[in-house]
Amino acid sequence: MRSNQILKCLLIFLLGISNFYSQSSKEIVAKAGSITITKDEFRKRYEFIPHITDKESFDSISFKKNFLYTLIAEKLLAQAANKEGVDKSQNFHATMENLSNIYLRDALYKKEVLDKIVIPDSAVAIGRVRMMRSVRTKFIFSQDEKEIEKFYTDIGFGASFDSILTTRPERKEQKDAAEVTFGTMNEKMEDAIYKVGVGQVTPPIELNEGWYICKIYSVTSKMDLSESEKSKVEKVIKSRIEDKIYQEFYVKFFKGIVVNADRSMFEKLFQVFMNFINENKKNLLKNKGGKYRIGESDIPKLKKSFSEKEQNEIIIKFPKEPVPLSKLFDYLSFQDFEFLTFDSTQVKSRLNSYISFYIKTELLVREAKKRGYDKLPEVVSELKMWKDYYLSHEMMKKFFKDQTVSDDDAYNFFVKANRVIQQPDEFNILEILTNDLNTIELALNELDHGADFKELAKKYTIHDSLKSRGGESGFFKESEKGEIGKAAARMKIGEVFGPIKIPEGYSLIKLLDKREGKKEKIATFDEAKEDIKNILRTEKMYKNLDNTTAKLASEYGVEINDAALNSIKVSSTNMIVLRRFGFGGQLLAVPYTPNFSNWFKRFELLKKKNLL
């Protein structure tokens with residue numbers, strides 16, 4: 001496969017991403033009205049999202065300028081949205097509150113966990129010694145302490161470990177001894193294994209799931225470690241210390257706290273969930289783990305089952321600021337509700353778990369607010385970036401809805417086209433649809449190692465119809481598939497692109513083919529009217545959006561620091577960077593912003609007219 005046939009997106013998980021560019025400058029690259037764009041924001045926004053480019057003809061200056069125009073448009077539209085009161089809408093408020101809560105929990109995690117990590121030199125020394133040894137081992141497992149103690153005693157008196165293992169169910173997963181080294185197993189089990197020699201058996205090891213004894217079959221040693229192996233040692237130690245500090249904080253923080261849900265409201269909510277599940281059994285999608293899912297697009301339907309009065313009733317009984325049902329729905333709208341079976345007992349248990357988790361996360365958020373973490377510069381900066389992004393998209397959606405085309409306009413187009421309509425180009429793609437970004441990472445890694453996209457679609461996609469077709473969509477028009485259609489229209493045949501955020505989750509696509517739209521002779525105007533209106537509506541929307549953005553630039557003012565822009569070094573490597581947050585959750589590290597730069601030409605024309 002040639003390198004220009006696949007657009008590779010690398011997924012990198014970062015915790016505390018605000019410090020990624022420790023040497024980045026706060027120098028201003030551009031001003032859009034009252035909002036500034038710094039070198040730091042530009043670089044992060046550019047590097048952490050994919051761009052459809054041809055590496056052979058990649059022009060960093062051109063791409064940087066177009067991306068800057070895209071960011072400026074976002075800031076201009078955000079200011080216009082604020083002026084129109086878009087930020088006052090309930091949906092926007094719920095979105096920003098959810099984001100704010102994630103960042104607040106993350107700030108608390110950094111203070112209580114990450115900032116307390118200290119890696120002792122002695123631990124690094126022990127880790128490096130262990131990393132130089134690969135151990136081959138098998139285990140016997142039991143949930144009964146007395147049984148495992150008996151096996152260990154019998155082996156001590158001469159019984160064969162291997163003979164006992166042949167009578168155990170765990171033998172099926174251990175045809176060969178497993179090769180393990182530092183960091184590849186539970187720390188407690190690792191400590192026990194590294195204390196015994198070849199042919200010996202460890203004393204019983206107690207873990208959460210039960211008891212183990214392990215036999216060492218062989219040990220392979222090396223003389224030295226590579227730099228990446230040394231780095232891995234420190235990462236493993238850091239992760240283990242982090243987990244211990246986290247567990248200590250978690251136990252201490254929640255000790256003695258009791259917050260309950262209102263029983264009658266919970267029962268009503270459960271019944272609404274069960275009714276929805278029973279009515280939609282055939283339509284509910286399964287994820288790769290075999291769980292059914294009620295997604296974010298379904299939650300508003302559930303919410304409508306309650307009257308406004310019921311939505312204002314208290315469901316979570318915090319002593320201060322108890323939570324009404326409407327706010328719990330806001331939380332659920334950002335969480336996929338997953339369950340294994342349609343059994344009502346199982347669904348009720350899952351719903352109870354979701355509410356319990358909400359209570360815990362809300363307690364963490366309230367603690368972070370009490371400490372004033374909502375005013376931390378890094379939290380304020382990140383939330384401002386997301387706010388501008390969401391406001392601009394709300395304005396774009398408004399433009400879509402506001403376009404109207406009269407029958408007369410459509411008829412005039414029909415006559416001018418001589419009753420022949422040029423249909424839009426069509427595209428055929430392979431698609432992996434998932435609600436889990438980790439699945440996108442797995443798929444991209446496998447593609448990078450030569451895997452077939454169709455086979456991966458069968459393996460990973462959550463949509464049954466896609467799975468049965470190996471992910472192939474069949475030909476469609478750009479306007480029929482939203483963000484997926486926009487991406488396909490900019491791709492070359494053979495390229496892979498994603499993830500693309502859509503209402504159902506995330507899509508990874510490969511362009512199989514594209515064909516020019518047909519010119520169709522239409523016998524009557526009535527047959528063509530709706531197609532013509534869609535064509536004109538799309539053209540009108542893009543034209544008006546370009547014009548409006550250009551006018552906003554003239555109204556609010558735009559300044560570009562070319563020297564600062566030119567000094568920013570960017571790569572042609574495409575990356576999708578995901579940020580994992582403390583206390584759970586992950587998001588794209590920065591908003592995904594498709595190219596929207598044509599408005600700038602109109603803005604320059606407006607400036608020339610004003611100067612004449």
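Yes/no matrix, rows are residues, columns are (1) part of a helix (DSSP H, G or I); (2) at pLDDT below 75; (3) surrounded by fewer than 15 Cβ atoms within 10 Å (Cβ to Cβ):
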{"residue": "Gly517", "(1), (2), (3)": "no, yes, yes"}
{"residue": "Leu545", "(1), (2), (3)": "yes, no, no"}
{"residue": "Ile568", "(1), (2), (3)": "no, no, no"}
{"residue": "Val577", "(1), (2), (3)": "no, no, no"}
{"residue": "Glu604", "(1), (2), (3)": "yes, no, yes"}
Report summary line: Exactly one of Gly295, Gly290, Gly256 is more than 30 Å from Phe141 (Cα to Cα) and under 29 Å from the mean Cα position of the chain (by Cα), and that one is Gly295
**Report entry** Lone qualifier among Phe306, Phe273, Phe266 - being at pLDDT 90 or above and outside any helix (DSSP H, G or I)
**Finding:** Phe306
Query raised in the report: Of the residues that make up segment 205-212, is at least one out of contact with any helix residue (DSSP H, G or I) (no Cβ under 7 Å at 6 or more places or on another chain) and either in a strand (DSSP E or B) or open to solvent by less than 60 Å² (accessible area, probe 1.4 Å) (or both)?
Result: yes
Requested in this report: Scan segment 195-228 for residues that are under 18 Å from Gly183 (Cβ atoms) and not hydroxyl-bearing (Ser, Thr, Tyr) and jot them down.
Outcome: Lys195, Ile205, Leu207, Cys214, Ile216, Val219, Lys222, Asp224, Leu225, Glu227
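Could you look through segment 232-263, keep only residues that are among the aliphatic types (A, V, I, L, M) and surrounded by 15 or more Cβ atoms within 10 Å (Cβ to Cβ), and pick out the one that is nearest to Ser326 (Cα to Cα)?
Here is the first cut: in segment 232-263, the ones among the aliphatic types (A, V, I, L, M) are 233, 236-237, 241, 245, 251, 257-259, 261.
Now restrict to residues that are surrounded by 15 or more Cβ atoms within 10 Å (Cβ to Cβ): 233, 236-237, 241, 245, 259, 261.
Working: Val233: 47, Val236: 42, Ile237: 43, Ile241: 39, Ile245: 35, Val259: 18, Ala261: 14 Å.
Checked segment 232-263; the qualifying residue nearest to Ser326 (Cα to Cα) is Ala261.
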Query raised in the report: Within segment 390-402, can one find any residue that is modelled with pLDDT of 90 or more, buried (at least 16 other Cβ atoms within 10 Å of the Cβ) and not aliphatic (A, V, I, L, M)?
Result: yes
**Report entry** segment 213-238 residues that are more than 30 Å from Tyr152 (Cβ to Cβ), paired with ones that are outside any strand (DSSP E or B) and open to solvent by 80 Å² or more (accessible area, probe 1.4 Å) (beta carbon under 8 Å, 6 or more apart)
**Finding:** Leu225/Arg128; Lys230/Arg128; Val233/Arg128
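Taking Lys387 as the residue in question, decide whether it is of a type in the set (D, E, K, R), farther than 30 Å from Ser34 by Cα and surrounded by 15 or more Cβ atoms within 10 Å (Cβ to Cβ).
no
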Query raised in the report: If you scan segment 184-204, which residues turn out to be open to solvent by 60 Å² or more (accessible area, probe 1.4 Å), assigned to a loop (DSSP other than H, G, I, E, B) and farther than 17 Å from Phe151 by Cα?
Result: Thr184, Asn186, Lys195, Val198
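Among Gly471, Gly450, which is at positive phi and open to solvent by less than 10 Å² (accessible area, probe 1.4 Å)?
Testing whether each residue is at positive phi and open to solvent by less than 10 Å² (accessible area, probe 1.4 Å) leaves just Gly471.
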Query - Residue pairs meeting the criteria (Cβ under 8 Å; at least 6 apart or on separate chains; first closer than 30 Å to Asn438 by Cβ, in segment 588-612; second open to solvent by 80 Å² or more (accessible area, probe 1.4 Å) and in a helix (DSSP H, G or I)) - result: Asn595/Arg490
Query raised in the report: Which of the residues belonging to segment 7-51 are among the aromatic types (Phe, Trp, Tyr), closer than 25 Å to Val496 by Cβ and either over 27 Å from the mean Cα position of the chain (by Cα) or modelled with pLDDT of 70 or more (or both)?
Result: Tyr46, Phe48
Requested in this report: Please work out which residue is nearest to Asn275 (Cα to Cα), limiting yourself to segment 330-354 and to residues that are among the hydrophobic types (A, V, I, L, M, F, W, C) and buried (at least 19 other Cβ atoms within 10 Å of the Cβ).
Outcome: Val347
Query raised in the report: For Ser221, which of the numbered conditions (1) open to solvent by 70 Å² or more (accessible area, probe 1.4 Å); (2) under 36 Å from the mean Cα position of the chain (by Cα) fails to hold?
Result: (2)
Query raised in the report: Is it fair to say Arg171 is under 20 Å from Asp191 (Cα atoms) and either in contact with a Lys or Arg (Cβ under 7 Å, 6 or more places away or on another chain) or surrounded by 14 or more Cβ atoms within 10 Å (Cβ to Cβ) (or both)?
Result: no
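Modelled with pLDDT of 75 or more and open to solvent by 10 Å² or more (accessible area, probe 1.4 Å) - does that describe any residue in segment 414-423?
Scanning segment 414-423 turns up no residue that is modelled with pLDDT of 75 or more and open to solvent by 10 Å² or more (accessible area, probe 1.4 Å).
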Query raised in the report: So which residues in segment 431-446 are open to solvent by 20 Å² or more (accessible area, probe 1.4 Å) and at pLDDT 80 or above?
Result: Leu442, Glu446
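The values are calculated or read from the model by the stated rules, or taken from the named source; none is laboratory data. These numbers were taken from a predicted model, which means no experiment stands behind them. We place every Cβ from the backbone using ideal geometry, glycine too, and count neighbours over all the protein chains shown. Accessible surface areas use protein heavy atoms only, side chains included; no ligands, DNA or RNA. Shrake-Rupley method; radii C 1.70, N 1.55, O 1.52, S 1.80 Å.
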